[in-house]
Structures are given as C-alpha cells and as structure tokens.
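Please treat every number below as a calculation from the coordinates, not as lab data. Please read all numbers here as calculations on a predicted model, not as lab measurements. Note that we place each Cβ from the backbone using ideal geometry, even for glycine, and neighbour counts take in every protein chain shown.
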Amino acid sequence: MPLAKFESMLKRTMGLDIQSIGRPMLERALQERQGSCGVADLDAYWLLLQMSEPEQLQLIESVIVPETWFFRNREAFQEMAQLQQRWPRLISASQPLRILSLPCSTGEEPYSIAMALLDAGVPPSHFQIDAIDISPQSLHVARQAVYGKNSFRGDYLSFRDRYFALNEQGYALSETVRQQVRFAQSNLFAADLLAGQAPYDIIFCRNLLIYFDRTTQHQAVTILLRRLAPEGLVFVGPAESALMMLHELTPIKAPMAFAFRQGAPKQEIARTLPPTVAYVPLAPAPRTTTARSTPARTRTANDNPAMLPPQASLATAQLLADQGKLSEAAAVCEQFIRQHGASAAAYYLTGVIHDAADRKQAAAECYRKALYLEPNHADAMTHLAALLQTMGDYAGAKLLQQRARRSAENNPS
C-alpha cells in the first residue's frame, strides 16, 4: 500500500512534513505498529488506524524522536529571567506571568523555565507555565519528574543540587518546581488548542517548525502569534529564526536566545543590571603571536570587530545574529578565525549562524570542524544531528544522537 495516506494523516494531525524525518523512518514505524497490533498488512492497519485514536497516538509516538535536556540553549532562559528588570509590569501578584511551552516533550524545558524564574527571585505565585505535547508517553515522564543522567548536560549543573534529590529511580524534581507547571495533551494544530485561555506573555516553541513544510511553518507561526500577548516574547530554535523574520516580529537583542517580540517596539530597553542566571561564556580561542610587537592601545566598541579581544569578537557576532544580520555575523566569525586561529566555540557559533540562515551545508561543515577540535562539544553534536536529519542523513543523525547521549552519560557533571 502506498505511504501517501499515512503521510497525509500525520500532516493533518500534527503538521509533520515526512521529508523532515524521511520515508524510511515512517516505513519502520509502520512495520513496528503493524506487528504490535497483529494485523496482516498495511491495508488492515490503515483500517484499524481510522477507528482507533489511541493507535494514532501510538504511531505518532513511533515517529517522534524527542531530544531534550535541562537548560538546553540556556541563553534563552537567561533572557527570559531578565523580564523582572526589563518589563516589571508583566510580573505582579494580580497579573501572573503566563508562559507556554509547546511542545514540552518530557518536561525538561518547562521545568527549566520554572527554575530560571525561581532563581531570578520571582515568587511562585507570580507565574504559571502551561506545557503541551502530543505524546502521552512523554507527558507521563514529565508528570513523574524523575530524570536520568541524559537530562543533565554541560557544565552548568548547580541547579541539580538545588532542585533535585537523587533516589533509586534517578533525580527526582522538587515539588516547588513541579507545582508551577500544568501539563496537557494536545498539539499546535488541534482545533480546540488552549480554548478559552488568555494570551501568553512568553511562548517557547523551539525546534518544532523545522519538521514542517514552508506553508505549514507559516500557519504554525500564525497560530502562535494569536496566542501571544501584545509585546509578548516567542523563543524558537536557531534554524527557525530566519522564518520568524518573515512575520511581524522584532528580534530581541539577546545573544543566541533566538527571541522575538510581537510587533515593533517603540524603543529597546537597555539592561543596567547583571544577569540573574549564571552564564558560562564561550571559551576564547588562543591568540596568535607575531615576531614583532606593536604598542598597546585601548580598544573601543567602535573598532573593527575582528580586532577586538576574542570574547568581544564572538559576542559581537552573537549580537549581529540576534538582530537578524546573519551575513554580517558570519563575516565577523570568519574574521575572528583568520585572526585568532581555529576554535570549537568560533566554528560552533558560525554553524548556528549558517543554520539560522538556512545554509545547511555550510552549517554542517562548521559543526563538524567544532567537533574535530572538541569531540565532546554537546551542542555541536545535537545541532549537527538535527541538521543531518533535515538533510535526509538519518543514519548519521542517529549516530550523533547516540554519541551525544554517551558523552552525557560519561560526563554527568
């Protein structure tokens, strides 16, 4: 039986563009579900699928490959935690901050949002998080709130000591964080999605739009913006920022947060206070030396970006990228590498910028260079895996995902 009917059903129910995961993955999922249901062939399975909503969800589970961890791309959480300083009117006891995480997968993202706000000093009564996913299995894990080592990656793990208790099953999340999140089973294209709910001040919808075709992507963004309050923020994944620039959204000047505000703001509010969430900066690349020294002088922000110290140069590229100036940001990264030499941080940032500009081959090459220089660079592995999947290299993507998990297990702290 042709796969067209199954592809149409998945697109209708969850917006999935089969090209984003590949027909071989769908074929494997269908074979697995056909065998589990004990039906003779795909024609019989198709009939069963029409009569059973639970089986539709089981098929969806089979094609979904969730990949998430706490504080993934933590710059987004850092930016969100500045709200109390930037827009104090949004946070009050009488008008709690409303936040949506969709898709929420197994809960790491919405729980990270809650921990970031609590760490920023926002009282629990001043915010509420709604978390939605299409997968009942993922939501079951989220509600249990007990996680293994794979959910904790990178060097920023102090939150684990504050909010988790280790037991025989894994790391159990504290009730203080759990009570801030309400989980529900639905999907972005459901007719009754969030019916009767007030608009949200913040929406996290990261790394979902890449699985849709262009038409469906724009439909999805339109749905999200209808749920977003005036001047509210929406956070997306690196490869989705270029799409957001095609809508009436203004990028927020926050490096690598990939945040956009509804409408055009009258004036960007400058930050005057230090971050409330710990931020681990990109490691500087080693300087190259020359036989002849030149007199030192004080550098200013007006200097050529390539002549700034390594940290400032990468920060300049990040700011340009966040403003949507992707070509300029990539050029700064290339100048940085020419002047200071190769570094995993520089190649990773360049890859993210190319990814955001939909330059897939260039992005993949940069991620690979970052991994050559730093084989355990978790973000480079994860981004390259997602990119390879969208490019049709499913075997390569799977190997990288497995490698990232092994790396996380071998380096739990």
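Assorted remarks:
- Under 13 Å, Cβ to Cβ, from Leu118 - net charge with Lys/Arg +1 and Asp/Glu -1: 0
- Length available on full extension from Leu399 to Gln169: 0.36 nm per residue minus the Cα-Cα distance, which gives 80.1 nm.
- Under 22 Å from the Cα of Lys253 - lysines, other chains or at least 8 residues apart: Lys266, Lys325
- Taking amide H positions as modeled 1.01 Å from N, with prolines and chain starts lacking one, the residues under 5 Å from Phe127 and 5 or more places away or on another chain are Leu97.
- For the range 336-403: rounded, prolate or oblate by the Cα gyration tensor [a/c cutoff 1.5]: oblate
- Bridging of Lys5 to aspartates and glutamates at a Cα separation below 14 Å is possible for Asp17, Glu27, Asp43, once same-chain residues fewer than 8 apart are set aside.
- Put a plus charge on the Cβ of each Lys and Arg, a minus charge on the Cβ of each Asp and Glu, and nothing anywhere else: the dipole of the range 188-265 about its Cα centre is then about 120 debye.
- Amide H partners (placed H, <5 Å) of Gly232, local residues excluded: Gln262
- Where labels lie 7 Å past Cα in the beta-carbon direction, separation of Ala229 and Glu374 in nm: 3.6
- Listed by chain and number, the aspartates and glutamates placed with their C-alpha closer than 12 angstrom to that of Lys11 are Asp213; residues fewer than eight positions away on the same chain are left out.
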